[in-house]
Amino acid sequence: MFEKEIDWIHSRRNRTTTTRNLVSLLLLFFAVVFMLTISPRNAHAQIVGEIEVTIPFQFHAGNAKLPAGKYIIHPLDNTDQTTMEISSADGSTSALFEIRDAEVNSAPPKTELIFDKYGKRYFLAKLFDEANPNGSRVLESRYEKMVSQETAEAQTHVAGHHRGQKG
């Protein structure tokens, strides 16, 4: 009789332990799901591949001042897409600039670059791929911040296309 009571106690403990483990596992699952739903999503640099563009005016990209002309823009590194490179088509001029995620309400019909204009100065501000509302915004340089305090802002859009496509 005493052995039956001990067996009953052991089986009761095993069920309680199993139930506790199951509850703990469920709580952990719900905590992970909750954290995934509230955490910010990074969709770094929505620009894929190389973009060719002809820019009809002198402009600034990052900390560099570049002349009007034909340019190629691409992410510097495919794994950490926070830096892009812009280089002239002939390879004589290039600059690096940092980017962050940007979003528009409606996807642009064509690949485009958006420039902020202060007086007669143009600053590369955003890049969007055709039919994609997620793009990249260029971080402001110290010079752009200084100029933006002195002059009213306007925006200019310049169409581009992916390298190898006619646009």
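The values are calculated or read from the model by the stated rules, or taken from the named source; none is laboratory data. Nothing here was measured: the structure is a model prediction, and the numbers come from that model. Here Cβ is always computed from backbone atoms with ideal geometry, including for glycine, and neighbour counts include all displayed protein chains.
Listing for the model above:
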quantity: Pairs, first assigned by TED's automatic domain parsing to the domain that holds Leu139 in region 85-96, second of a type in the set (A, V, I, L, M, F, W, C) and outside any strand (DSSP E or B), C-beta under 7 Å, six or more apart; calculated: Glu85/Leu76; Leu96/Leu76
quantity: Arg121 being crowded, with 16+ Cβ neighbours inside 10 Å, over 17 Å from the mean Cα position of the chain (by Cα), basic (Lys, Arg) and at pLDDT 90 or above; calculated: yes
quantity: Unique match (being assigned to a strand (DSSP E or B) and touching an Asp or Glu at 6+ places or on another chain (Cβ under 6 Å)) among Asp116, Asp101; calculated: Asp116
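Condition check ((1) outside the structural domain of Ala107 (by TED's automatic domain parsing); (2) surrounded by 14 or more Cβ atoms within 10 Å (Cβ to Cβ); (3) hydroxyl-bearing (Ser, Thr, Tyr)) across all residues:
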site	(1), (2), (3)
Asp129	no, yes, no
Arg137	no, yes, no
Ser148	no, yes, yes
Thr151	no, no, yes
